[in-house]
1. Of everything in region C:93-114 that's surrounded by fewer than 19 Cβ atoms within 10 Å (Cβ to Cβ) and in contact with a Ser or Thr (Cβ under 7 Å, 6 or more places away or on another chain), which residue is nearest to the other protein chains (Cβ to nearest Cβ)?
2. Spot the failing condition for residue C:68; the list is (1) in a loop (DSSP other than H, G, I, E, B); (2) at positive phi, and only one is missed.
3. Working carefully through the options B:197, B:186, find the one that is more than 26 Å from residue A:165 (Cβ to Cβ), within 14 Å of chain A (Cβ to nearest Cβ) and surrounded by fewer than 18 Cβ atoms within 10 Å (Cβ to Cβ).
4. Taking helices (runs of 4 or more DSSP H) that fall entirely within region B:26-135, which contain at least 2 residues that are touching a residue at least 12 places away in the same chain (Cβ under 8 Å), under 30 Å from residue C:173 (Cα atoms) and in contact with a helix residue (DSSP H, G or I) (Cβ under 8 Å, 6 or more places away or on another chain)?
5. When region C:59-70 is examined, which residues are found to be closer than 22 Å to residue C:38 by Cβ, within 14 Å of another protein chain (Cβ to nearest Cβ) and not hydrophobic (A, V, I, L, M, F, W, C)?
6. Residue A:70 is checked against (1) in contact with a Lys or Arg (Cβ under 9 Å, 6 or more places away or on another chain); (2) surrounded by fewer than 21 Cβ atoms within 10 Å (Cβ to Cβ); (3) within 14 Å of chain B (Cβ to nearest Cβ) and fails just one. What number does that condition carry?
7. Going through region C:71-92 one residue at a time, which ones are assigned to a strand (DSSP E or B), away from every other protein chain (no Cβ under 14 Å) and surrounded by fewer than 20 Cβ atoms within 10 Å (Cβ to Cβ)?
8. I need the full set of residues from region B:106-145 which are at pLDDT 90 or above and of a type in the set (Val, Ile, Thr), in order please.
Amino acid sequence: MSDYSFDFYYVLSGFSRLLQGLVVSLELTALAIGIGTFSGFILALATSSPIRVLSIPARLFVEIFRCTPALIQIVWFFYCFPMLANVFWSPFTMAAIALTLNLTAFNSEAYRAAIQAVPAAHRDASVALGLSKWHQAVHVVFPQALRIASPVLVSNSISLFQQSSLVAVVSVEDLMYEGKMLAVETYRPIETFTTVALIYFGLSFPISQLVNRIERRNARLLA
Amino acid sequence: MGLEFSPSVIIEYLPALLRGLRTTVLLSLLCIVIGLVLGFLVSLMRSSNNKILYVGSTVFVEFFRGTPVLIQLFWIFFCLPVILHVDLGVFVSAVIALSLYMTALCSEAFRSALLSIGAEQKDAVVALGLPRWASLLHVILPQACIRAIPNLLSNSVTLFKESALVSAVGMADLMFQGENISNATARPIEVLTTVAAIYFAVGFPLTQIVSLVERRILRRMAI
Amino acid sequence: MQPHRSPAAPFVEIRDLRKSYGRGKIPVLNGITDAMAKSDRLVIIGPSGGGKSTLLRCMMGLEDIDGGKIVLDGLNYIECQERGRTVIDRAVQRQVGMVFQHYTLFPHLTVLQNLILAPLKRNGERKPTAIARAEALLSRFGLAEKLKSYPSQLSGGQKQRVAIARALMLEPKLMLFDEVTSALDPELVAEVEAMISELANGGLPMVVVTHDMGFAKNIATKVLFCADGVVMESGDPQTFFSTPKIKRTQDFLAKILHGNKV
């Protein structure tokens, strides 16, 4: 270690760049969570719908996003979607779409279990997609399913925050991207990457601990 | 802009992709096995009364579960050689990073399985006068391992998916091959979709097996 | 050093047994004192939370005690010494067997493996002998064809009978049965009670906690009514059930008998 002098000064001056990257990461995460919390519920309704035209594509969607690496999803959207849809959106947008769809798929599984735990809701849910008892599903089933599924939804969101680091691979300037750039430029990988890791950890760990605490308290109250 | 879809690209480069798949599978298997063994040991540490073992193993597990796998990989690849004064190379870095991640996941699977064994089992062991070592070896640990199998299997699938990250440090796995070929042929849609399909073709049956095993084990263990 | 036993001494002696949870805040056993002879079959009845199961668990050495002493066959078995430490003589503990309400068979082992595990690992018995004894025991109670089955393949009654057989493999001097039929469907209760009756007729000293008054009347040589952590009343089954002495016992019996037992 003699020729590597720890020098956090470099990291401190690059810290503002890391924070800018963090803002991007949080924007992506917030966007995905904001949409995915609701779209996951809708997708869950679709997967349990008696209408095969709805349920089969929905199930396929869920399985594709659950069984393939998040990285290939992000890379695919980045390269293929612009060509297919004939649009040219920014890398940020592409990444946001991929992450949102990914979270939607995982959330739908959580909601599916939750909906079944809400007894009458099952009937309502399938009816909602068959006919137009839409309002019932939204105002009655959704709040209850949300409550039941919330621990899993939160841990899915924390996972998504960490998966968001993958967008650095497609040059979205998030925390990971800025961290890698900083590490390479300053020749100080240890300080930089450790700081980046600590930032991710510092945001994820407290929230997951809080969720654990709440879950245990709920289990105790119900027992 | 017309889209010409040319399946010939897929056929031409399929062998290269399958070589990448081979690397992915071998790497995954290696890290899964290492992670299972070390995970078991770490779970023992997590259950021990020794303060140092408990705190050390807890910090390890929480850190590897609370940070993105990508940062773990980058840290091992960029920082560890500096600390150890040894050039690790892509393969070794990848194995170390993924194995440590798998260890953290599996230790939690073992630990929660251990905790899920009802207190009545311990009563039965006392009532039969079984010595402590015999109850651990023949009653507690076998049940913990059997109960942990569903989680361990799903951890294995997770690891298979996370293995795609090693492409980011230049390891020639399926993802890496796919990205390179896609760039070289300028046909991202055919190539990347094929890559996604290959991951799905492996991942989907695995997740179905996990569900099947979970149901059968739950029935056998009469939980 | 164990005290020399005089021939007139009782088989099991419980002296002023005390136990509480939460550092004395929740008392469960408030000074239980009783004795039983070798030929006794003790049945304990009483309301939930009255301390019956806790008493049995203490007799098995599953719980610490906060005061008192248990003597088995003249040997000091469990004692609460100064500074509240519970001392259990493990050699004596091995002579006691217990069966629980929720079977607690080992789910990952077959019936045969469940039965021979303790004899093999605790007593160092040789495998062929243990297997032979297990087979004989299971045949005696009509479970021979379940030898290679797993607990999940058995009915509740069968599981409980296997659990009893498993305890019997260790040839205990005293058997404790903690509400062993309470978790069973009604039609499965009879086979388990029949097995226990057969053991009782064979002269096995036992303590049984049950809600089934008919069964209690059948096998008991002595009945204890346990409530609020003390023995409120005790006696032989005939007089106990027909003319209970104190009001608490009378109320309890009236409530139970108006239920569906007997």
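1. Ranking the qualifying residues of region C:93-114, first place goes to C:101.
2. (1)
3. B:186
4. Numbers: elements: B:51-66, B:69-74, B:80-84, B:89-115, B:119-127.
In region B:26-135, B:119-127 are the helices (runs of 4 or more DSSP H) which contain 2 or more residues that are touching a residue at least 12 places away in the same chain (Cβ under 8 Å), under 30 Å from residue C:173 (Cα atoms) and in contact with a helix residue (DSSP H, G or I) (Cβ under 8 Å, 6 or more places away or on another chain).
5. Of the residues in region C:59-70, the ones closer than 22 Å to residue C:38 by Cβ are C:59-61, C:68-70.
Pick out the ones that are also within 14 Å of another protein chain (Cβ to nearest Cβ) and you get C:59-61.
Of everything in region C:59-70, just one residue is closer than 22 Å to residue C:38 by Cβ, within 14 Å of another protein chain (Cβ to nearest Cβ) and not hydrophobic (A, V, I, L, M, F, W, C), namely C:61.
6. (2)
7. C:75, C:76, C:79, C:87
8. Across region B:106-145, the qualifying residues are B:125, B:126, B:139, B:140.
The values are calculated or read from the model by the stated rules, or taken from the named source; none is laboratory data. From a predicted model like this one, the values you see are computed outputs, not experimental measurements. With ideal geometry, Cβ positions are generated from the backbone for all residues, glycine too; neighbour counts draw on all protein chains shown.
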